[in-house]
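One structure below.
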Amino acid sequence: MKKIITTMCFMLFIGLIGCDDEPSLNPEGFTEFKTDISGIWKISNVTQNGIDITNSLDFKSFALNLDYNGTTPSNFSLASKSPFVTKISEGSWSFDDPIYPTIIIFSDGSSAKLLKPILSSGEKSLNLEIVLGCGNMVYQYKLIK
């Protein structure tokens, strides 16, 4: 019985000295990472319905320039003779969600799906899925800076 009381007192003592008064909080609060993919993107690889067509067309002329106004997506310009989701060569663009984007939306209403999450600013590759024409024509673009 004496062992039980001694053990309980020891456990109570350990429990009391092991507790902090109040957990410390970041005074600025929780801040989310804003996705930044600004820059000029060139084509590295293109597939059409799973078939690599990178060498079948001239993708060297393709350049997608994405600009930001501060931390917000703003304008884009496109130099391309290649099939791409937007038919306009310049306009504005945005994400479907500024913190966890899954879609890039262009000002003409067209959009491209992000195939993998953007993990950091300064990302060096961008994987897009684009459906052109009927739903059976799916292009996957791997873009690099």
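No value in this document is a laboratory result; all are computed from the given coordinates. Nothing here was measured: the structure is a model prediction, and the numbers come from that model. Glycine gets a Cβ as well: all are built from the backbone with ideal geometry, and neighbour counts include every protein chain shown.
Using C-alpha pairs below 8 Å separated by at least 6 residues, the relative contact order for region 39-144 is 25 percent. Within the shell defined by Cβ-Cβ distances under 12 Å, the residues around residue 140 carry a net charge of +1, with Lys and Arg each +1 and Asp and Glu each -1. Relative to the current alpha-carbon distance between residue 129 and residue 88, full extension at 0.36 nm per residue lengthens the span by 12.9 nm.
Peptides 53-59, 102-108 ordered by packing proxy, namely the average of other Cβ atoms within 10 Å per residue, highest first: 102-108, 53-59. Maximal additional length on extending the residue 56-residue 75 stretch stands at 3.9 nm, based on 0.36 nm per residue less the C-alpha distance.
Computed over the Cα atoms of region 39-144, pair by distinct pair, the Kirkwood hydrodynamic radius stands at 14.1 angstrom.
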